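The values are calculated or read from the model by the stated rules, or taken from the named source; none is laboratory data. What you see is a predicted model; the values in this text were computed from it and never measured. Note that each Cβ is placed from the backbone with ideal geometry, even for glycine, and that neighbours are counted across all protein chains shown.
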Amino acid sequence: MHTNSPENDDCFAIRQAARQISQLYERHLSEAELTPTQFSILAALRHGASLTMLELAQAMVMERTTLVRALRPLLRNGLIADEPDGQGTRRLQLTLTQNGHTRLDQAMTHWLAAQEEFERKFGPQQAAMLRRELFRLTRDVSKA
């Protein structure tokens, strides 16, 4: 039987952990003037080369409106570009600009510092196991 307390609340535990970890990464990535979400967007575009808004939203597991808010400063600062897809549709392709590549490279040092701090505090094996389980959780829950 489950009782309604924080110790038995999966959502509360996951959100609390996510906030703590996000704050750790925010502290480090602020040195590169990026949020963790912005860093992840730039990294996704580096690996994806060119993505539509829908593809990026799916890759980031984000609502489209939340993604649009996160993209605004990246577009305004010239870190990403949105261009027509070249197929006559109204879809825009999002790409990483040269400034975006440069900022991502600079931010990588700070991201690595955050990663190392987390793994030092939590343990490298535990962090790897947690990552695997969280990715599995994301996959399995999204199928429901």
Query - Neighbours by Cβ (under 8 Å, 6+ apart or cross-chain): first from segment 59-83, touching a residue at least 60 places away in the same chain (Cβ under 8 Å); second part of a helix (DSSP H, G or I) - result: V61/T138; V61/S142
Report task. Identify the single condition in (1) exposed (fewer than 12 other Cβ atoms within 10 Å of the Cβ); (2) farther than 19 Å from R19 by Cβ that R131 does not satisfy, given that it satisfies every other one. Result -> (2)
Query - Per-region count, segment 1-37, residues closer than 22 Å to T102 by Cβ, in a helix (DSSP H, G or I) and touching a Lys or Arg at 6+ places or on another chain (Cβ under 9 Å) - result: 1
**Report entry** Breaking point among (1) surrounded by 12 or more Cβ atoms within 10 Å (Cβ to Cβ); (2) within 27 Å of R131 (Cβ to Cβ); (3) of a type in the set (K, R), for R19
**Finding:** (1)
Report task. Read through the list (1) touching a residue at least 60 places away in the same chain (Cβ under 8 Å); (2) over 15 Å from F118 (Cβ atoms); (3) within 13 Å of the chain's Cα centre (by Cα), then give the number of the only condition that Y25 fails. Result -> (2)
Query raised in the report: So, of the residues in segment 47-84 that are farther than 17 Å from P36 by Cβ and among the hydrophobic types (A, V, I, L, M, F, W, C), which turns out to be surrounded by the most Cβ atoms within 10 Å (Cβ to Cβ)?
Result: L51
Query raised in the report: Where in segment 44-137 are there helices (runs of 4 or more DSSP H), lying wholly inside it, with at least 1 residues that are modelled with pLDDT under 95, closer than 22 Å to L29 by Cβ and β-branched (V, I, T)?
Result: 64-76
